[in-house]
Structures are given as structure tokens and as C-alpha cells.
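I have placed the structure first, in the form of C-alpha cells, so that the comments after it can refer back to it.
The values are calculated or read from the model by the stated rules, or taken from the named source; none is laboratory data. This is a predicted model, so every value here is computed, not measured. Counting neighbours? That spans all protein chains shown, and the Cβs are built from the backbone with ideal geometry, glycine included. What goes into the accessible areas is simple: the full protein's heavy atoms, side chains included, and nothing from ligands, DNA or RNA. Shrake-Rupley method; radii C 1.70, N 1.55, O 1.52, S 1.80 Å.
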Amino acid sequence: APTNAPSGAAVETFVKGINFNGPAVTILGKTWLSYSSAMGQGLSISGASLDTKVMPPNPAVDTATAQMLDTLLYASTDPGSINITQTIPNGTYHIYIWTMENYAGNQRRWNLTAEGIPVANNLGDLGINQWRRYGAYTVVVAEGKLNLSLIGVVGRPMIMGMEIYSFK
């Protein structure tokens, strides 16, 4: 719980982290769900294939974060799209997306939509082994499901992890 937050300041509260195609991990002090557990808690995916690569992240990270960055979903077609739906109570959320380039440097770019609204363009344009935690993206969920799409521009979109925080 935050301390010394100014009165009336907005606060993020961790809801869940998902390690796509991987085991449960603890990242930034938060326990993330394994991919199979997340699927059992209302996660559904379309347009994606599963993969695992073992590569040294740049910049270097702790063991759990490296494990998360080694497991992933990538678009089944090129450039393709990955559609992610997560059952979640209505409300306002901050979403963070983790990705790492594990094929060849600067070979992909993708756009992110949340609830059908564009929130970021040209993500994923990274050198080999580089990773990024993109966000926070503010999303209002009104129908009990968070809907995200990673829409390929060049190359196949890829996602390794996702964090969801309530935002009040």
C-alpha cells in the first residue's frame, strides 16, 4: 500500500500479472500468474502462437524477469494481430506490456489498442535482446472484459508479459 500519498492523488493497486506461455514468477515484488492459471481465470487469446527462447536480456534483469522474457506469444501470421481478452471487474486500469526482441534487431513494429481505442503506435522496434516495459496505458473497462489488440505494422507482434493495476 502506498505511503505518504497526497490527499486526492490517484493510486495504482496491483490486480494481476500474466507470464505469457510461462510459469508463475515474482517480478518487481508482485506475484504473476502462470499462463495456464491465467487461462483458468478468464484470459483468452486469439491470433497467437506460443514460443520459448532463452536469450540474455539487454539491459540485464533478475532471474524471474529473464524467465518471463523467455516465454511469449507472437502473431500467427505476418504482420498479424494478437487479441487478448481478460475477464475483469468494470473500472479504470493501468496496463503495462512487456516485450523483448528475440529474432533480429529492429524487425518489427506494432500498434496497441485497448477497448478498440488506439493507445500506442510503433511498439516493439528494438535491437536484438532489448526489452521494454511499455505503459502505463489507462483503460476503462465497462463490460467486464479488458480487450487488447497488438496489431502488426511490420513483422509479427510479440508479448512476453502484462501487468494490470486498478487506478483510482
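Any idea of the accessible area per residue across the chain, 1.4 Å probe, to the nearest Å²? Don't skip to the end; give the middle numbers.
On the way: 7840 Å² over 168 residues.
Result: 47 Å² per residue.
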**Equivalent ellipsoid semi-axes - Cα gyration tensor, the chain, angstrom** = 24, 19, 16
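Can you compute the helix-only [θ] at 222 nm over the chain? Use -39500 (n - 2.57) per DSSP H run of at least 4 residues, normalise by all residues, nearest 500 deg cm²/dmol. Don't skip to the end; give the middle numbers.
Numbers: 2 runs with 14 residues, N = 168.
Calculated from helices alone, the mean residue ellipticity at 222 nm is -2000 deg cm²/dmol.
Give the average over all directions of the projected area of the C-alpha convex hull of the range 75-128, one decimal, in nm².
On the way: hull surface 18.0 nm².
It is 4.5 nm².
For the range 17-124, calculate the relative contact order in percent as a whole number, restricting contacts to Cα pairs under 8 Å that are 6 or more residues apart.
Values: 151 pairs, mean separation 25.1, N = 108.
Here the relative contact order equals 23 percent.
For the range 12-139, which whole-number percentage of the solvent-accessible area (1.4 Å probe, protein heavy atoms only) is attributable to carbon and sulfur atoms?
Details: 2850 of 5730 Å².
Carbon and sulfur atoms account for 50 percent of the accessible area of the range 12-139.
In whole percent, what relative contact order does the range 43-93 give with Cα contacts below 8 Å and a gap of six or more residues?
Values: 53 pairs, mean separation 27.2, N = 51.
Across the range 43-93, relative contact order equals 53 percent.
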**Item:** Order by protection proxy (mean Cβ within 10 Å, highest first), peptides 59-70, 150-161
**Value:** 150-161, 59-70
